[in-house]
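> The structure is given below, and queries will be raised subsequently.
The values are calculated or read from the model by the stated rules, or taken from the named source; none is laboratory data. Just so it is clear, the model here is predicted, and its values are computed rather than measured. Cβ sites come from the backbone with ideal geometry, for glycine too, and all protein chains shown count toward neighbours.
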Amino acid sequence: MTLYEMTEQAMALYELLQNDEIDEQAVADTLEAIGANEKIETYCKLIRQFEADKEAVKSEIDRMKAKKEAAENAVERLKNGILEFMAATDTTKADIGLFKLSVTESKAVDIIDESKIPQKFKIPQPDKIDKAGIREILKNGGSVEGTQLKINKGVRIK
C-alpha cells in the first residue's frame, strides 16, 4: 500500500473519529495494522540517504571546482612563462615540435573611476527586492503594500 493510499485511509478514519463513530484506540490500531509507521520510517530513511547523497555530491562539486581552478591557474602560469620567454628573446612566432606559437594582443576596457563614466554607457538594472527586510516587518506585525507573509509547512526529521 502506498503512502498516498494510507493517507486516504487515515483521512477516512479521522472523519469517523470526528463523528464519534470510532474511538482513538481503534484509529491507532487501524493505522498500525496498515503499516503506516513502517512506511513513514522507510520514507525517513530514504530522505536521510538522499540528504547524504546531496551533501556528498556538493562536496564533490566543490572539490572538482577547486581542481578546475587549480588547472586554470596552472595554464595561466605556464602561458605567462612562455610569453615572458618569447618577449625576452624578441620572438613573436615559433614552431616548437607539435605546436605553433604566436604572441597575440587583445584590448579590454579597464575602469579606473566608475563615477566618471557617462550615463549613456551605463546599463540600467532592475531593482532587487529586500525580501528579508520585508519578512521582518511582516513577522513583527507590520505591513508592506503588495506583500503578504506566506507560511510554508514542512517536515523536520530528527
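> From the list Val144, Val155, Val103, which residue is loosely packed, with under 10 Cβ neighbours inside 10 Å and either of a type outside the set (Ser, Thr, Tyr) or modelled with pLDDT under 95 (or both)?
Only one candidate passes the filter, namely Val155.
> Sticking with this structure for a sec: Can you confirm whether Ile34 is among the β-branched types (Val, Ile, Thr) and within 20 Å of Tyr4 (Cα to Cα)?
Judged against the criteria, Ile34 is a match.
> Still on this model: Among the numbered conditions (1) farther than 20 Å from Val155 by Cβ; (2) among the charged types (D, E, K, R); (3) touching a helix residue (DSSP H, G or I) at 6+ places or on another chain (Cβ under 8 Å), tell me where Lys107 comes up short.
If we test Lys107 against (1) farther than 20 Å from Val155 by Cβ; (2) among the charged types (D, E, K, R); (3) touching a helix residue (DSSP H, G or I) at 6+ places or on another chain (Cβ under 8 Å), just (3) comes out false.
> With respect to Lys39, determine if the residue is part of a helix (DSSP H, G or I), of a type in the set (D, E, K, R), over 30 Å from Leu101 (Cα atoms) and touching a helix residue (DSSP H, G or I) at 6+ places or on another chain (Cβ under 8 Å).
yes
> Those residues that are closer than 22 Å to Lys158 by Cβ and either of a type in the set (S, T, N, Q) or touching a residue at least 24 places away in the same chain (Cβ under 8 Å) (or both), I need them from region 36-65; list them, please.
Ala36, Asn37, Lys39, Ile40, Thr42, Tyr43, Cys44, Ile47, Arg48, Gln49
> Just to be sure I understand, how many residues within region 94-109 are of a type in the set (A, V, I, L, M) and within 42 Å of the chain's Cα centre (by Cα)?
4
> Within region 35-81, can you find the residues that are of a type in the set (A, V, I, L, M) and under 20 Å from the mean Cα position of the chain (by Cα)?
Within region 35-81, Ile47, Ala52, Ala56, Val57, Ile61, Met64, Ala66 qualify.
> Here is a further query. Would you check if Gln148 is in a loop (DSSP other than H, G, I, E, B), in contact with a Leu (Cβ under 8 Å, 6 or more places away or on another chain) and more than 30 Å from Leu46 (Cα to Cα)?
Answer is yes for this residue.
> Take the residues in region 1-36 that are of a type in the set (A, V, I, L, M) and not in a helix (DSSP H, G or I), then tell me which one is surrounded by the fewest Cβ atoms within 10 Å (Cβ to Cβ).
Checking each candidate, the answer is Met1.
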